[in-house]
Amino acid sequence: MRTRRFSIARAAADPAGFLRRWQLRGSLAPAVEPLRELVTSTLSTVPAPLRGALATLGASASLEHRLAETIDRSVAPEAAGFRVPTSALWSLIGAAQYAVTALLIFCVLWFASLFVIHDAPVSAIAVPYLGLVPTPVALLAATLLIGYVLAKLLRLHAGWLGGRWAKRVGARVTGDIGQRIADDLLVPLEQFDASRAALRKAMHAADECS
């Protein structure tokens, strides 16, 4: 169980590897289906000799393969150039956490001394709604609270940095996929429509001349 948890932790702490293994987390079928439907709806307006080539262009397996290649090319530079983010704030939080650890050790030693030294005088601090609270207890509670706040702050800031990196990667992948779809699918359809319009115009002009 401990080995499995350690493996999961290592995977979660490897953003570059997580990015490279994107195909393990889902299928491209939901993205391919609208494109396939677009090609299918166009087939009925295409002359019979051209339908085979257009159907091949819009085949689900072909579309999925080209999209996968595009995503791989998009994420490869990000994964290769990934560097663990750093922040000056993390250094400050780390120093504060060392101080919190030292205070916790001090509190433990204080409590231990109270058990060893009987009837040792202990001051108290007035806490709203609680009244007088022994100083060791108040110090321990304050130290634990500060440690929790620091850990939460570190997690939020790290999440913000990770989210910013993920948005940049997502924007790049979305842009590359959009360009690939336009080049491989939409441009041929537009060229076909333009050729058909030109042919229709030429036939109309020939009819007028005759």
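The values are calculated or read from the model by the stated rules, or taken from the named source; none is laboratory data. A quick note: this is a predicted structure, and the numbers were derived from the prediction, not measured. All Cβ positions, glycine included, derive from the backbone under ideal geometry; neighbour counts span all protein chains shown. For accessibility, only protein heavy atoms count, side chains too; no ligands or nucleic acids. Shrake-Rupley method; radii C 1.70, N 1.55, O 1.52, S 1.80 Å.
A few points about this structure:
- Matching residues in the range 152-162 - criterion: being in contact (Cβ under 8 Å) with a residue 12 or more places away in the chain and open to solvent by 50 Å² or more (accessible area, probe 1.4 Å): Leu153, Leu154
- Qualifying residue in the range 81-89 (condition: within 30 Å of Val32 (Cα to Cα) and either modelled with pLDDT of 90 or more or surrounded by 11 or more Cβ atoms within 10 Å (Cβ to Cβ) (or both)): yes
- Taking the criterion of being open to solvent by 70 Å² or more (accessible area, probe 1.4 Å), under 29 Å from Leu153 (Cα atoms) and assigned to a strand (DSSP E or B), the residues of the range 106-136 that qualify are Ile125, Ala126.
- Pairs with Cβ under 6 Å, 6+ apart, first in the range 107-128 and under 15 Å from Leu140 (Cβ atoms), second open to solvent by less than 80 Å² (accessible area, probe 1.4 Å) and modelled with pLDDT under 80: Leu114/Ala120
- Candidates Val108, Val133, Val100, filtered to the one that is farther than 30 Å from Trp22 by Cα, in contact with a Gly (Cβ under 7 Å, 6 or more places away or on another chain) and of a type outside the set (D, E, K, R): Val100
- Test: residue in the range 66-74 that is hydrophobic (A, V, I, L, M, F, W, C), at pLDDT 75 or above and open to solvent by 40 Å² or more (accessible area, probe 1.4 Å): no
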